[in-house]
Amino acid sequence: MRTVEQSAPTTTFQIWQRLAGRPLGKRVFSLAVRLRAPYFRTILPTVVDMRPGSSEVRAPKWWGVHNHLGTFHAIATCNLAELAMGMLAEATVPATHRWIPRGMTVDYLAKARTSLRAVAELAEIPTFGAEPVDLPVPVLVYDKTGRVVVQAVITVKVSER
């Protein structure tokens, strides 16, 4: 089985590395993400951390994400979880490969009454080779008190370009 060098970062991850440490860099990057993927605009996300095997994205609670109960809408939390997974994938999957979500399981554990923080984290970074692989990415979504309100596993198909 042929494997590829893990050090070939995606353009997205290269841009993050250039901007993240600069004043307003994370906000500029997050705005660019919203422009590139407009379906994330409604959650007003801010990418807080992005590195191989891990990412963190935050979203404020505002009327645009409210459900009929005045809490964070369930699908808005799914969007947040998917964005966290996507940032992890962009930082983890080498530029020689591509990724696409294949499925998502979600458990809604508590009402989300505050702004949220989604953390995607892999226990181990796999080696990507010539054969396509399904990569399950666990994502936990926390409220401001640190309570997990949503847990998700998003399965991503990774294959060579």
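The values are calculated or read from the model by the stated rules, or taken from the named source; none is laboratory data. Since this is a predicted model, take the numbers as computed values, not measurements. Please note: Cβ atoms are built from the backbone with ideal geometry, for glycine as well, and neighbour counts cover all protein chains shown. We work out accessible area using only protein heavy atoms, side chains counted, and drop any ligands, DNA or RNA first. Shrake-Rupley method; radii C 1.70, N 1.55, O 1.52, S 1.80 Å.
Just a few scattered comments:
- Taking every alpha-carbon pair under 8 Å whose residues sit at least 6 apart, the range 31-161 reaches a relative contact order of 26 percent.
- Whole-number Å³ per residue for the convex hull built on Cα positions in the range 91-134: 121
- According to the calculation over all Cα-Cα pairs in the range 68-142, the P(r) per 5 Å bin from zero is 3, 13, 26, 22, 14, 10, 6, 4, 2, 0 %.
- Annotation: amide H-H contacts under 5 Å for ALA112 (H modelled 1.01 Å from N, sequence separation of 5 or more, or interchain): PHE72.
- Label-reachable residues, the range 140-161, where backbone N falls under 14 Å from a point 7 Å from ALA130's Cα toward its Cβ: 160-161
- Residues of the range 52-90 with amide N under 19 Å of a point placed 7 Å along Cα→Cβ from VAL148: 53-59, 74-75, 77-86, 88
- Share of alpha-carbon pairs per 10 Å distance bin for the range 109-160, given as whole %: 24, 39, 23, 13, 1
- Peptide packing: for 58-70, 83-95, 130-142, 42-54, the average count of neighbouring Cβ atoms within 10 Å per residue gives the ranking 83-95, 42-54, 130-142, 58-70, highest mean first.
- Mean separation of Cα contacts under 8 Å (6+ apart) over length of the range 47-89, as relative contact order %: 43
- Against the chain, whose longest principal axis comes from its Cα atoms, helix 74-92 is set at around 30 degrees.
- For VAL48, the residues 5 or more places off, or on other chains, whose built amide H falls under 5 Å of its own are GLU56, VAL57, ARG58.
- Based on DSSP H segments of at least four residues, each scored -39500 (n - 2.57), the chain has a per-residue ellipticity at 222 nm of -8000 deg cm²/dmol.
- Within the accessible area of the chain (1.4 Å probe), percent carbon and sulfur: 54
- Accessible surface for the chain, divided over its residues, is 54 Å² per residue with a 1.4 Å probe.
- Between helix 25-36 and the chain: long-axis angle, C-alpha atoms, 0 to 90°, nearest 10: 90
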